[in-house]
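Report on the structure given below.
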Amino acid sequence: MVPFLLCLATPAFAQVSTQDVPIPAAAARGVFAQAQSICDADDGLLWGASLCGPIMLVDPKTRRIVASQADAEGVLRELDGVFVGQLPQEATAANTAVEWSGTRWTQMLWPLPEGDGKRGTLIAHEMFHRLQPDLPIAEAKGGENPHLDTLEGRYLLQLEWRALAKALQAGTRAARQAAIADALAFRAERYRLFPDAMTDEAALETNEGLAEYTGVMLGSPTQDARLQTALHDLETHVGDPSFVRSFAYATGPAYGMLLDQFDPGWRKRLGNETRDLGTRLRDATRFKDAAGVTPLTAAAARYDGAALRETETAREEKRLAQLQRNRARFVEGPVLKLDLIHMRIQFNPSNLQPLDGIGTVYPTLRVTDDWGTLEVEDGAVMSSDWKVVILAAPDASEPSRGPGWKLALNPGWTLAPGVRSGDYVLKGPGSRGKERSPTR
């Protein structure tokens, strides 16, 4: 799921032939049938509402669409039992929920994962995102989680993941509770060290954590398959370059399944307040002070903490060097600032790098806005308030390109000199034509 998506409608286009459609109609019908099967099996039980709704499959290379039904504005054309069309350049193509052509869609990129289990998890995950605004779930603010790119933040999170895996696999209730106590202790220590951690983590767990929990619960046909998928989520995300926007894909299913055991009605109370899933499980298991349940040193030793700290210490040295390079590129050196007005954005949530006091570095990024389209292949900074994108400044001879990025501006928009020598800002209809207050 990608935040802050606004997709625009597109005009009608010419009839499309079978040869023009890169997504086979038969394969698409198979996806739609699997989605319907997931909906029918759930019958609204998990969230009190059906996940069924319009589905759009998009080929990211050609931007061709194969959909399960017609759109409200009649852009798509029926062909071989599906509906086909072309996604406009200004619309975002991602695994997400989108508003496009008068219809709210579950959008998924082609090809989908192989295997019914993996594919079912993705389908249910993204169908949840389409339904999510209609559910009585408190809106969560924040979610940048810069602390999860630090040595202590990463170390404590991975210890928590290991304890959650142990809890899920425990053979007795007592063993499960002991492992949960360890997981909650690691989380409590992280919250003690980083005052904003609880709010930030709750925001992403409410969004991606609940979506992935839904994917695991409804995309897998048996309880054992759900357990294996949840364990896979805890294991596979260890390899993510960064945890700041991906950690909840691992914690969401684990905490959700444990809450199902200790507090079966937890989903019905999500709308009351925004709390992280760990706090909900702490209350359900009556661990009043998770950090004091067991000494952290002893708990860490149970999960090979010494070897993990050694690995994370080596990574921290590389992170600090990269942070210095990023500050040189996006803070100290000349930059281009693009104000965001009606942003639509695509990015990889597993490789983001916080930039202290400024925002987050996105190694790859695609942004469309009123002013045009930005393609980034080698780094850009999204400000912490999501109002500005910061790029290394272009060469004066070719302002539409810079180190690792290219910009296509719509008519009426130009780049103008910024306050500092070498800086540029965006200028156009309705813009202020001047630089925002410095964020350095």
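The values are calculated or read from the model by the stated rules, or taken from the named source; none is laboratory data. Please read these numbers as outputs of a predicted model, since none were measured by experiment. All Cβ positions, even for glycine, are placed from backbone atoms using ideal geometry, and neighbour counts span all protein chains on display. Side chains included, ligands, DNA and RNA excluded: accessible areas come from the protein's heavy atoms. Shrake-Rupley method; radii C 1.70, N 1.55, O 1.52, S 1.80 Å.
Here Glu312 passes the criteria (1) of a type in the set (Asp, Glu); (2) open to solvent by 60 Å² or more (accessible area, probe 1.4 Å); (3) in contact (Cβ under 8 Å) with a residue 40 or more places away in the chain except the one numbered (2).
Against the condition farther than 25 Å from Gly209 by Cβ, of a type in the set (A, V, I, L, M), at pLDDT 95 or above and part of a loop (DSSP other than H, G, I, E, B), how does Ala72 come out, does it pass? So Ala72 passes the test. Search segment 357-380 for residues being in contact (Cβ under 8 Å) with a residue 24 or more places away in the chain and of a type in the set (S, T, N, Q), and hand back the single one that is most open to solvent (accessible area, probe 1.4 Å). Ranking the candidates gives Thr373 first. Just one of the listed residues (Gly53, Gly85, Gly48) is at pLDDT 95 or above, small (Gly, Ala, Ser), buried (at least 17 other Cβ atoms within 10 Å of the Cβ) and touching a helix residue (DSSP H, G or I) at 6+ places or on another chain (Cβ under 8 Å), namely Gly53. One residue alone among Thr274, Thr297 is polar (S, T, N, Q) and under 17 Å from Tyr155 (Cβ atoms), and that residue is Thr297.
If you check Asn351 against the conditions, is it more than 30 Å from Leu109 (Cα to Cα) and of a type in the set (S, T, N, Q)?
Details: more than 30 Å from Leu109 (Cα to Cα): no; of a type in the set (S, T, N, Q): yes.
Spelling it out, it is not the case that Asn351 is more than 30 Å from Leu109 (Cα to Cα) and of a type in the set (S, T, N, Q).
If you go through segment 155-197 and pick out every residue that is under 16 Å from Arg286 (Cα atoms), of a type in the set (A, V, I, L, M, F, W, C) and open to solvent by 50 Å² or more (accessible area, probe 1.4 Å), you end up with 2.
For every residue, the table says whether it meets (1) surrounded by fewer than 23 Cβ atoms within 10 Å (Cβ to Cβ); (2) under 22 Å from Glu205 (Cβ atoms).
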site: Val98; (1), (2): no, no
site: Ser101; (1), (2): no, no
site: Trp105; (1), (2): no, no
site: Leu112; (1), (2): yes, no
site: Gly115; (1), (2): yes, no
site: Leu122; (1), (2): yes, yes
site: His125; (1), (2): no, yes
site: Ile137; (1), (2): yes, yes
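Among the residues of segment 229-273, those that are within 15 Å of the chain's Cα centre (by Cα), of a type outside the set (Ser, Thr, Tyr) and under 22 Å from Phe194 (Cα atoms) comprise His237, Asp240, Pro241, Phe243, Val244, Arg245, Phe247, Ala248, Ala250, Gly252. Just one of the listed residues (Leu340, Leu277, Leu336) is in contact with a helix residue (DSSP H, G or I) (Cβ under 9 Å, 6 or more places away or on another chain), among the aliphatic types (A, V, I, L, M) and open to solvent by less than 60 Å² (accessible area, probe 1.4 Å), and it is Leu277. For segment 70-87, taking the residues that are in contact with a Leu (Cβ under 7 Å, 6 or more places away or on another chain) and touching a residue at least 24 places away in the same chain (Cβ under 8 Å), the one that is farthest from Arg119 (Cα to Cα) is identified as Gly85. Being at pLDDT 95 or above and open to solvent by less than 70 Å² (accessible area, probe 1.4 Å) holds for only one residue in Leu391, Leu352, and it is Leu391. Of the candidates Trp405, Trp413, the single residue that is farther than 28 Å from Gly142 by Cβ and modelled with pLDDT of 95 or more is Trp413.
For segment 92-132, the set of residues classified as outside any loop (DSSP other than H, G, I, E, B) and either among the charged types (D, E, K, R) or without any contact (Cβ under 8 Å) to a residue 12 or more places away in the chain (or both) consists of Glu99, Arg104, Asp116, Lys118, Arg119, Glu126, Arg130, listed by residue number.
Note on segment 361-385: residues that are among the hydrophobic types (A, V, I, L, M, F, W, C), touching a Pro at 6+ places or on another chain (Cβ under 8 Å) and either modelled with pLDDT under 95 or on the phi > 0 side of the Ramachandran plot (or both) total 0.
Is it the case that Pro264 is closer than 20 Å to Ala170 by Cβ and either in contact (Cβ under 8 Å) with a residue 60 or more places away in the chain or in a helix (DSSP H, G or I) (or both)?
no
Scan segment 66-82 and tell me whether some residue there is among the hydroxyl-bearing types (Ser, Thr, Tyr), under 13 Å from Ala28 (Cβ atoms) and open to solvent by 10 Å² or more (accessible area, probe 1.4 Å). Checked segment 66-82: at least one residue is among the hydroxyl-bearing types (Ser, Thr, Tyr), under 13 Å from Ala28 (Cβ atoms) and open to solvent by 10 Å² or more (accessible area, probe 1.4 Å). Number of residues in segment 30-69 that are within 30 Å of Trp266 (Cα to Cα), in contact (Cβ under 8 Å) with a residue 24 or more places away in the chain, part of a loop (DSSP other than H, G, I, E, B) and not small (Gly, Ala, Ser) equals 5.
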